[in-house]
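Let me begin by presenting the structure, written as structure tokens, before commenting on it.
The values are calculated or read from the model by the stated rules, or taken from the named source; none is laboratory data. Predicted, not measured: the structure shown is a model, and the values here were computed from it. Backbone-built Cβ (ideal geometry, glycine too); neighbour counts: all protein chains shown.
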Amino acid sequence: MTKQERIQRMTDIMVSFIGYTAVHLPDDIISKLGELKAAEDDPAALSIYDMMFENMRLASELGRPSCQDTGFVQYRIECGSRFPLINELEEILRSAVIKATADTPLRPNVVETFDEVNTGSNTGTGAPSVSWKIIPDHDGCEIYTYLAGGGCSLPGHATVLMPGEGYEGVVRFVLDRLAEYGQNACPPLLVGVGIANSVDTAAQLSKEALFRSVYSQNPNPKAAEMERLLEDGINAMGIGPQGMGGKASVLGVNIQNAARHTATLGVGFSTGCWTHRRGHIVFDRDINYVTDTHSGFTCNK
Ligand code: SF4
């Protein structure tokens, strides 16, 4: 394959993958929603779950996005330093958004600040957003995609607590944010919490936490325990699916943590809604791909 053919193939796959993730929720989210529905006995909550599954069925049958807000496309890349298309990658991902916007179609959501003009393509200055991690001495590339909705994931919060506030302060911060706007973010939510050094690192980690499966756990046993306790505490708030009340308010709570300054305790908070449209696709150097989030995905181009 020539370089140009590789660029075209990767672009085609990404167009197809973004469109697929707009229509089909990830396997773990569908499975978790089924579990929450099976455990529910509140009639109003059950009718909301029924509507969610009907929504998923129709989206799949008609090939239409699962929500009218198809989001702002965010990418997180873990790219090998020897991946053959490393220099072209950002342009491939940008082109894929433009084509997926026309093909799927996705709602044009991107407005240039100050100009206040919708670009019509879901691209613009800093759009799509791309965060990079270079993997030394590796020739593959992992791409996390996220169609971040304006009511759920994009309005996150972050702050730096005094260290004396401790982990109790982290819990208070998370529960206060959920009480403020959790019911408006289309629950049950996947809650991402970043605990780190500063506002920027905590916010970034809270977003990365949303890329983990709802069935995953933080490898640190104390952090994993905090994930369980927060999940129980948020569910006890009784927000329920679409804020109508019910047993479960969250799909899960994922914490990502990093070392911090002795004088700071940074906390970031991000949420994903029930249509948590994240994807994960992995390319090898020959642009063969696998995905562990969407078992039904095949690129037919
Ligand atoms: S919160 Fe999610 S489901 Fe609700 S409108 Fe926004 S993108 Fe759609």
Counting only strands (runs of 3 or more DSSP E) entirely within segment 251-301, those with at least 3 residues that are crowded, with 16+ Cβ neighbours inside 10 Å and of a type in the set (Gly, Ala, Ser) are 265-272
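If we only count strands (runs of 3 or more DSSP E) wholly inside segment 106-168, which ones have 1 or more residues that are polar (S, T, N, Q), away from the ligand (no atom under 16 Å from the Cβ) and touching a residue at least 60 places away in the same chain (Cβ under 8 Å)?
Working: elements: 129-135, 141-148, 157-161.
Where strands (runs of 3 or more DSSP E) fall fully within segment 106-168 and carry at least 1 residues being polar (S, T, N, Q), away from the ligand (no atom under 16 Å from the Cβ) and touching a residue at least 60 places away in the same chain (Cβ under 8 Å), they are 129-135, 157-161.
Do we have residue 198 as closer than 23 Å to residue 76 by Cα and more than 19 Å from the chain's Cα centre (by Cα) here?
So residue 198 fits the description; yes.
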Picked from segment 61-81 (must be outside any loop (DSSP other than H, G, I, E, B) and either among the acidic types (Asp, Glu) or at pLDDT below 95 (or both)), the residue nearest to the ligand (Cβ to nearest atom) is 61
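So is residue 239 β-branched (Val, Ile, Thr) and away from the ligand (no atom under 16 Å from the Cβ) or not? Working first, answer last.
On the way: β-branched (Val, Ile, Thr): yes; away from the ligand (no atom under 16 Å from the Cβ): no.
So residue 239 does not fit the description; no.
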Residues of segment 172-196 being buried (at least 18 other Cβ atoms within 10 Å of the Cβ) and more than 16 Å from the ligand (Cβ to nearest atom), in sequence order, are 173, 174, 193, 194, 195, 196
